[in-house]
Amino acid sequence: MQLNLIPDDRTERLTIIHSRLTEHFGLPEPRQPLDPVSQLVMGLIGGRTRGAVSATALTRLRLHYADWESLRDAPVTDIEHMISGVTFAEIEAPWLKAALLEITVMRGALTLDFLAALPVSAALAWLERLPGVGRKTAATVLNFSTLRRRALVIDTHHLRVITRLGLVGHGASMEQAYDRLAPLLPSDWSAAELDAHHQLVKQLGQCRPAVPTCSPCPLNDLCAAGRAASQPHGKKHRSDAQFVRKPFFLTPSEVFRDRPTSSAFLQ
């Protein structure tokens, strides 16, 4: 889906949200983008894993393998050992190898540079054909890498915030959230600004995800949970109660719900 402006008051709300979060947290540090294949590797090993742990695993892979072709050709057991610090390494390792093999088969070489010439929607669709690649990982390859395309990254923290703000419906997947939010984004936001917006919303969403702390939140007047928290006698809005009572722990099937799960790639 292209990021075209559609007249909607939610576009103005996104601008307000971005402005308030920038004032509250400050602008994020500029990203040092990876090449597209490196960003794909980072995305595939980073599910439900802290950024520092994923970065350490990526560094370990780079030091151990001469290039990504060597990683592609390595046994799955070796790859799993090299990324053992990440969450669900036993799932990520076969996906990683299969994705790199699939790129090579389809393109004749292990490169994603051709995505620069495709429309964002087509580039997302191409990436999502790869084993283990869902909308979040595909968007990171396009937006976080040296491709610097206008694709909005939405992770679990980001999804939590935009759901509370009523920008997407409860239970929406990351793909559904992207498709709902992408047309609402201000048309003059650059790829770097979309990156910064994601980082700001993610930072807000990391604040006590199971039980939100609403009083200091810069968006509490835009959010049902924040408005409920300000009501006398602790009265809660119905939608807020859903978030308060939902446990934070997710099963592997819930974690990877936006990724392909073909059993052929898990052998």
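The values are calculated or read from the model by the stated rules, or taken from the named source; none is laboratory data. As the structure is a prediction and not an experimental result, all values here were calculated from the model. Here the Cβ positions follow ideal geometry from the backbone for every residue, glycine too, while neighbour counts run over all protein chains shown. In case anyone asks, the SASA skips ligands and DNA or RNA and just uses the protein heavy atoms, side chains included. Shrake-Rupley method; radii C 1.70, N 1.55, O 1.52, S 1.80 Å.
Some points to look at:
For every residue, the table says whether it meets (1) in contact with a Phe, Trp or Tyr (Cβ under 8 Å, 6 or more places away or on another chain); (2) closer than 16 Å to A138 by Cα; (3) not charged (D, E, K, R).
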{"site": "R160", "(1), (2), (3)": "yes, no, no"}
{"site": "R164", "(1), (2), (3)": "yes, no, no"}
{"site": "G171", "(1), (2), (3)": "no, no, yes"}
{"site": "Y178", "(1), (2), (3)": "no, yes, yes"}
{"site": "A182", "(1), (2), (3)": "no, yes, yes"}
{"site": "P186", "(1), (2), (3)": "no, no, yes"}
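- Verdict on I154 being farther than 22 Å from I45 by Cβ and buried (at least 19 other Cβ atoms within 10 Å of the Cβ): no
- Qualifying positions in segment 60-93 - assigned to a helix (DSSP H, G or I), open to solvent by 30 Å² or more (accessible area, probe 1.4 Å) and closer than 25 Å to A151 by Cβ: R62, W68, R72, I91
- In the set R164, R149, only one residue is basic (K, R), surrounded by 20 or more Cβ atoms within 10 Å (Cβ to Cβ) and without any contact (Cβ under 8 Å) to a residue 60 or more places away in the chain; that residue is R149.
- Verdict on A196 being within 19 Å of the chain's Cα centre (by Cα), open to solvent by 30 Å² or more (accessible area, probe 1.4 Å) and among the aliphatic types (A, V, I, L, M): no
- Verdict on L159 being more than 26 Å from Q203 (Cβ to Cβ), among the aliphatic types (A, V, I, L, M) and in contact with a Ser or Thr (Cβ under 9 Å, 6 or more places away or on another chain): no
- Pairing residues of segment 31-59 that are in contact (Cβ under 8 Å) with a residue 40 or more places away in the chain and part of a helix (DSSP H, G or I) with residues that are hydroxyl-bearing (S, T, Y) and open to solvent by 20 Å² or more (accessible area, probe 1.4 Å), at Cβ distances under 9 Å and at least 6 apart in sequence or on separate chains, gives P36/T111; P36/T146; V37/T111; Q39/T146.
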